[in-house]
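For reference, the structure discussed in these notes is given below.
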Amino acid sequence: MSRRDLDRKVLAWLGEGVDAPRDDTRFETLALELFAYQYAHNPAYQRLCRAFRVRPEDVARWQDIPAVPTGAFKEARLAAFPEAQEVRIFRTSGSTTAARGQLHLDTLELYQASLLATFAAYICPDRKRIRFVVLAPSAANAPDSSLSYMFEVACRELGSARSAFYVEPQGWEPERLIADLRELDEPIALVGTAFAFVHLLDALEARGLRLGLPDGTRVMETGGFKGRSREVTRGELHGAITAALGVSASRIVNQYGLCELGSQFYEPTLRTGVPTRSKRVPPWVRTRVVDPVSMKDVATGERGLLVHYDLVNTGSVLAVQTSDLGRVTQAGLEILGRLEAAETRGCSIAADALLAGP
Amino acid sequence: MSALEGLREAHHKLEPAAVIDALDRVLATWRAPTSVWRTKLQHEHGIYSSQVLELGTAEALRDWTGEALRRMRARELREPCRVPPVTAVWLAGSIPSAAFHAILLPLVAGSAVYVKPSSQDPLSARLFAESLRAQDPTLGAAVVVGNDPTLLESADAVVAHGADETIAAIRARVPPQRVFVGHGHKLSLAAVGPAVEIDTAAQAVAIDIALYDGRGCLSPAYVGVVDRPAGRAAAFGRALADELEQLASKLPRGPLLTSEEAALHEMRARAAVREGVRLELPEHGSEWTVILEPAGSRPAPGWLRCLPLVPLFDACELEDWCRRLAPHLSSLGHMGWGRQELLSAVQLGGGSRACTLGRMHFPPIDWNHDGISPIRSLLRLIDAESP
């Protein structure tokens with residue numbers, strides 16, 4: 001099957017939206033076709049499959065498609081197309097010196113279709129357009145940020161003309177943001193990184209301010225905090241957002257995504273009106289929860305390591321193993337943190353310490 | 001009576017010759033074929049397989065005799081000096097013989113010892129102290145195992161093991177006029193030169209890799225192999241894989257934590273996707289991995305029997321490797337090189353030991369760990385000038 005045909009089939013599914021049936025046969029057929037394609041056209045992925053002695057002809061179930069740990073995206077170009085066809089590279093956040101994971105894209109069509117399908121369904125289920133207030137840099141200022149790209153597309157396709165980004169290359173502007181929030185005369189979608197929300201809350205507190213954002217406002221936050229702000233639990237963050245901005249818990253959504261994945265996962269709070277910690281897995285994605293030692297599936301509802309199979313990743317690898325812990329229940333996917341990095345139980349110097357240099 | 005007061009009192013009762021005689025007897029009980037101490041260690045340690053602990057401990061202690069201790073003492077205390085009455089030893093890591101060695105050296109000097117065991121391996125220090133008490137109550141009273149950080153300030157000398165940050169934090173607590181010896185975390189390198197049969201070298205390197213599962217600072221974190229004629233490094237990789245497979249049953253790896261298993265899985269995958277890398281893997285499981293790197297690559301150090309094998313062109317490239325590891329190199333295990341080449345490589349890496357492959361985990365009792373003399377480093381030498 002050609003890449004064009006694969007893309008067309010995936011796009012067709014994306015076009016059916018998040019309420020399309022979770023058709024397991026359809027998923028398995030497409031996943032196996034995609035695996036065969038990626039094995040043949042993605043040299044780095046083929047090296048991994050060969051090293052672990054897996055060939056497409058030996059794989060009959062999507063669950064047996066070899067997954068690539070996110071760390072491997074830092075080591076090699078995991079792309080199923082030549083470099084000359086590249087239109088975009090998304091990179092994981094990190095310091096400028098450390099290696100960063102990269103998602104190579106030769107088309108943004110699928111990425112955009114996927115993000116719009118989920119973003120529209122879970123952030124704007126009640127409106128065609130809304131004013132976005134974005135606590136993140138624009139795509140022009142952060143061209144390798146998948147999150148900025150997502151917000152850029154959301155603003156363009158779902159946002160009103162007054163939508164704006166409030167984080168500049170030199171930092172963010174609390175005065176401008178707070179002034180704009182105080183003068184709002186319409187509901188907004190206040191979206192951004194979790195650590196940016198912490199900074200906003202700190203800025204409001206420092207000024208002794210509490211705002212009451214207009215009815216219909218919704219908040220979407222995503223990502224972690226490490227090294228970017230003080231760390232708070234998700235519950236604390238949402239509580240503080242409610243207290244400082246006047247947005248109720250039933251209008252706050254957490255999004256889970258990875259740079260290495262074309263699809264994102266959202267809490268369905270704005271659709272159901274009920275706050276939840278469980279996220280919806282899009283119909284074109286499957287998530288396995290595995291035992292980190294045996295890599296076998298754990299029982300439903302048990303905690304384990306998350307491995308995502310995302311059909312949107314046609315140009316890279318569809319099976320991505322994360323370091324995230326979670327569980328899947330009837331309600332959806334619950335994120336339970338990250339697997340702790342292994343510490344050296346010995347006196348040998350750790351790789352990080354060595355590679356960091358003197 | 002506080003631990004410090006008890007140790008000061010015990011120090012006064014230590015008589016060097018009697019200490020060495022008692023240590024000789026204690027070490028003999030550890031070396032005995034039916035040693036209850038070794039049995040306890042194997043049952044309770046938890047990080048390593050009993051086979052690894054058996055071989056590692058038996059071989060390490062083989063030459064730790066009273067005669068060796070006397071020789072070391074005579075060599076190290078040949079001048080008038082002041083011995084610290086109490087030495088605080090802060091342990092790290094999980095290798096039993098390293099803990100024994102760290103406790104034993106101050107005793108040979110005549111110092112009483114306060115030991116803070118490693119958090120990863122609280123057993124080794126405790127068992128060794130128990131074995132001292134069981135053999136000789138006077139000697140036993142000169143060793144206290146505890147976790148009181150004020151000893152860092154009150155002991156007469158401090159020997160600390162651990163990560164560089166830990167060493168720096170401990171050093172900051174030790175008063176400036178006191179003796180301080182720090183041993184930071186290090187790594188070692190196995191180097192296979194041109195003048196050795198690859199099967200012989202592979203057999204020896206496999207032992208160094210299997211012992212202590214790559215967790216020790218004497219464990220090879222890389223294997224460098226001279227790749228002339230071309231393909232020799234790959235052939236060595238296959239030979240090493242065969243040896244590691246055999247050792248998987250003879251010297252099985254210890255149980256891994258979930259985070260370690262996940263880290264290992266990621267380490268292998270990260271290697272597998274890179275161009276020019278070839279992996280040698282067991283049929284099932286993750287017991288061992290040989291990562292044959294392309295020439296010129298600079299991989300992360302190996303761990304848990306997952307080792308990068310780097311082709312080397314010649315001794316100059318070995319020197320480059322060692323220079324890159326500076327100042328973290330500890331030991332250079334070798335076969336098939338000239339002596340001068342090795343010394344130069346060790347020096348460039350900031351290392352302090354060159355040893356034959358297969359013996360990387362077994363330095364002699366009087367080795368200059370990190371280039372620091374084993375006992376003299378604890379002493380204050382006295383210059384008695386002639387009138």
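Of the numbered criteria (1) away from every other protein chain (no Cβ under 14 Å); (2) surrounded by 19 or more Cβ atoms within 10 Å (Cβ to Cβ); (3) polar (S, T, N, Q), the one residue A:70 fails is (1). Residue-level check: of (1) under 24 Å from residue B:65 (Cα atoms); (2) touching a strand residue (DSSP E or B) at 6+ places or on another chain (Cβ under 6 Å), residue B:346 misses just (1). Among the residues of the stretch B:355-366, write down those that are surrounded by 18 or more Cβ atoms within 10 Å (Cβ to Cβ) and either without any contact (Cβ under 8 Å) to a residue 40 or more places away in the chain or closer than 13 Å to residue B:218 by Cβ (or both). Passing the criteria: B:355, B:357, B:358, B:360, B:361, B:362, B:363. If you filter the stretch A:310-324 down to residues that are under 15 Å from the mean Cα position of the chain (by Cα) and at the interface with chain B (Cβ under 10 Å from one of its Cβ atoms), you find that the one that is nearest to residue B:163 (Cα to Cα) is A:323. Residues that are outside any helix (DSSP H, G or I) and among the hydroxyl-bearing types (Ser, Thr, Tyr) were ranked within the stretch B:341-387; the one that is nearest to residue B:87 (Cα to Cα) is B:373.
Take residue B:121 and decide whether it is acidic (Asp, Glu), under 24 Å from the mean Cα position of the chain (by Cα), in the same structural domain as residue B:13 (by TED's automatic domain parsing) and buried (at least 22 other Cβ atoms within 10 Å of the Cβ).
Here the answer is yes, as residue B:121 does meet what is asked.
When residues of the stretch B:44-77 are filtered for being of a type in the set (A, V, I, L, M) and under 22 Å from residue B:377 (Cα atoms), how many remain? Summing the residues that are of a type in the set (A, V, I, L, M) and under 22 Å from residue B:377 (Cα atoms) in the stretch B:44-77 gives 5. The criterion of at least 3 residues that are more than 30 Å from residue B:377 (Cβ to Cβ) and touching a strand residue (DSSP E or B) at 6+ places or on another chain (Cβ under 9 Å) is met, among helices (runs of 4 or more DSSP H) falling completely within the stretch B:146-245, by B:198-210.
Residues of the stretch B:252-309 being at the interface with another protein chain (Cβ under 7 Å from one of its Cβ atoms) and small (Gly, Ala, Ser), which ones? B:259, B:262, B:263, B:269, B:272, B:300, listed by residue number.
Right, residue B:244: touching a Phe, Trp or Tyr at 6+ places or on another chain (Cβ under 9 Å), more than 7 Å from every other protein chain (Cβ to nearest Cβ) and of a type in the set (A, V, I, L, M) or not? So residue B:244 passes the test. Evaluated against (1) farther than 22 Å from residue B:252 by Cα; (2) within 14 Å of chain A (Cβ to nearest Cβ); (3) crowded, with 24+ Cβ neighbours inside 10 Å, residue B:155 falls short on exactly one condition, (2).
Under 21 Å from residue B:319 (Cα atoms), surrounded by 20 or more Cβ atoms within 10 Å (Cβ to Cβ) and in contact with a helix residue (DSSP H, G or I) (Cβ under 9 Å, 6 or more places away or on another chain): does that describe residue B:218? So residue B:218 passes the test. Those residues that are under 15 Å from residue A:285 (Cα atoms) and not hydroxyl-bearing (Ser, Thr, Tyr), I need them from the stretch A:260-270; list them, please. Those that are under 15 Å from residue A:285 (Cα atoms) and not hydroxyl-bearing (Ser, Thr, Tyr): A:260, A:261, A:262, A:264, A:265.
Among residues of the stretch A:142-157 that are farther than 17 Å from residue A:172 by Cβ, those with a beta-carbon under 6 Å from a residue that is of a type outside the set (A, V, I, L, M) and assigned to a helix (DSSP H, G or I) at least six positions away or on a different chain give the pairs A:153/A:112; A:154/A:119. Among the residues making up the stretch B:90-136, those that are assigned to a loop (DSSP other than H, G, I, E, B) and within 14 Å of another protein chain (Cβ to nearest Cβ) are B:91, B:92, B:93, B:94, B:95, B:117, B:118, B:119, B:120, B:121.
Rundown of residues vs (1) in contact with a Gly (Cβ under 7 Å, 6 or more places away or on another chain); (2) aliphatic (A, V, I, L, M); (3) within 28 Å of residue B:287 (Cβ to Cβ), yes/no style:
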site	(1), (2), (3)
B:41	no, yes, yes
B:47	yes, yes, yes
B:69	no, yes, no
B:72	no, yes, no
B:84	no, no, no
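Would you confirm whether any residue within the stretch B:67-87 is in a helix (DSSP H, G or I), within 14 Å of chain A (Cβ to nearest Cβ) and not small (Gly, Ala, Ser)? Taking every residue of the stretch B:67-87 in turn, none turns out to be in a helix (DSSP H, G or I), within 14 Å of chain A (Cβ to nearest Cβ) and not small (Gly, Ala, Ser). Annotation note: Cβ proximity below 8 Å between a residue of the stretch A:33-49 that is free of Cβ contacts under 8 Å to residues at least 40 places away in the same chain and under 18 Å from residue A:106 (Cβ atoms) and a residue that is of a type in the set (Ser, Thr, Tyr) and part of a helix (DSSP H, G or I) (sequence gap 6+ or interchain) occurs for A:39/A:45; A:46/A:39.
With respect to residue B:74, determine if the residue is surrounded by fewer than 23 Cβ atoms within 10 Å (Cβ to Cβ), without any contact (Cβ under 8 Å) to a residue 12 or more places away in the chain and farther than 17 Å from residue B:369 by Cα. Taking the combined requirement at face value, the residue satisfies it. Filtered by the rule that a residue be buried (at least 20 other Cβ atoms within 10 Å of the Cβ) and within 14 Å of chain B (Cβ to nearest Cβ), the stretch A:291-309 gives A:292, A:304, A:305, A:306, A:307.
In the set (1) in contact with a Leu (Cβ under 7 Å, 6 or more places away or on another chain); (2) assigned by TED's automatic domain parsing to the domain that holds residue A:250; (3) modelled with pLDDT under 95, the condition left unmet by residue A:128 is number (1). Being of a type outside the set (Phe, Trp, Tyr), farther than 17 Å from residue B:202 by Cα and under 16 Å from the mean Cα position of the chain (by Cα) holds for only one residue in B:342, B:304, and it is B:304.
The values are calculated or read from the model by the stated rules, or taken from the named source; none is laboratory data. These numbers come from a predicted model, not from an experiment. Backbone-built Cβ (ideal geometry, glycine too); neighbour counts: all protein chains shown.
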